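K.L.:
After the structure tokens below, expect a handful of questions from me.
The values are calculated or read from the model by the stated rules, or taken from the named source; none is laboratory data. Keep in mind that what you see is a predicted model, and the values were worked out from it rather than measured. Ideal geometry is used to build each Cβ from the backbone, glycine not excepted, and the neighbour counts take in all protein chains shown.
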Amino acid sequence: MESFVEGIKGEDGLNPKVVVVEPINTDISAEYVHIKILDKIKNHMQHRTDLIEREQAQILKASEVKNFEASYTYRHSKFGRSSPLSPFNPCKTKEFAVLYRERIFFLSNKAEQTKFLLEPSKYTLDCEPVPTDIQQRPSASVIGLPASGKSTLASIISSKTGMVHLRPEEVIEFFITKESHFSERLRQRVQIQGSEVDDTTLIDML
């Protein structure tokens, strides 16, 4: 039996000819052995439609992600930093990344990563990358005294939720450098006259 198992495992256990499971104790009833065998091969039978697709997916360590992101071959999936299993409730992390068909998928936790590895095509084919039925986009304003940590807090919110971080001074600077009648009046007011931008103008720029 040992030589038979070694033979079907292939050379050094690589590229097995058939699925090899851990030994099962047969000093029990045949019904129990049958149940144990079904449990061992469940992933190969229950999710057999993804047998080939599973071979295309591999776990990426958090330390490896940056190398794959920097390459010209691999890119983020259409879900971006959001998990394909829970795009409506994103928990952005690179701790549970998976490489699948030259795309990097970021799962929210270990459980999601395990589910994705079992049926990668289920969560990627014909799936919308972002919600399309939401008309209102969430927004937040961080208000506080100078040097109270507004920018730091806003950066944390942006990194965790994917919201765009807008700073009034950067918005004003963006418009000042443009060539338009509006930008000319803005430069006249801010750079020459030294006046502050009124709230109505700032809202229009936003």
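K.L.:
For residues in region 92-106 being touching a residue at least 40 places away in the same chain (Cβ under 8 Å) and not hydrophobic (A, V, I, L, M, F, W, C), which is surrounded by the most Cβ atoms within 10 Å (Cβ to Cβ)?
P.N.:
Per the stated criteria, the residue is TYR100.
K.L.:
Are there any pairs with C-beta distances below 6 angstrom linking a residue in region 184-203 that is on the phi < 0 side of the Ramachandran plot to a residue that is β-branched (Val, Ile, Thr), with the two at least 6 apart or on different chains, and if so which?
P.N.:
Note: pairs meeting the criteria are LEU186/ILE176; ARG187/ILE176; VAL197/ILE172.
K.L.:
Moving to a separate point now. Taking LYS122 as the residue in question, decide whether it is within 30 Å of MET45 (Cα to Cα), surrounded by 12 or more Cβ atoms within 10 Å (Cβ to Cβ) and at pLDDT 85 or above.
P.N.:
For LYS122, the condition - within 30 Å of MET45 (Cα to Cα), surrounded by 12 or more Cβ atoms within 10 Å (Cβ to Cβ) and at pLDDT 85 or above - is met.
K.L.:
Given the conditions (1) of a type outside the set (D, E, K, R); (2) modelled with pLDDT of 90 or more; (3) touching a Lys or Arg at 6+ places or on another chain (Cβ under 7 Å), report the number of the one that ILE59 does not fulfil.
P.N.:
Just one mismatch for ILE59, condition (3).
K.L.:
For the structure I just gave you, tell me whether LEU38 is under 12 Å from GLU119 (Cα atoms) and assigned to a helix (DSSP H, G or I).
P.N.:
It is false that LEU38 is under 12 Å from GLU119 (Cα atoms) and assigned to a helix (DSSP H, G or I).
K.L.:
Does region 141-192 hold any residues that are among the hydrophobic types (A, V, I, L, M, F, W, C) and closer than 17 Å to ASP204 by Cβ, and which are they?
P.N.:
LEU166, VAL171, ILE172, PHE174, PHE175, ILE176, PHE182, LEU186, VAL190
Let's see how each residue does on (1) at pLDDT below 90; (2) surrounded by 11 or more Cβ atoms within 10 Å (Cβ to Cβ):
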| position | (1), (2) |
| --- | --- |
| GLY13 | yes, no |
| GLU22 | yes, no |
| ASP50 | yes, yes |
| GLU53 | yes, yes |
| PRO90 | yes, yes |
| GLU112 | no, yes |
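K.L.:
Which condition number does ILE35 fail, the rest of (1) modelled with pLDDT of 80 or more; (2) in contact with a Leu (Cβ under 6 Å, 6 or more places away or on another chain) being met?
P.N.:
(2)
K.L.:
Please verify whether LYS122 is more than 24 Å from ASP50 (Cα to Cα), in a helix (DSSP H, G or I) and among the basic types (Lys, Arg), treating the condition exactly as stated.
P.N.:
Answer is no for this residue.
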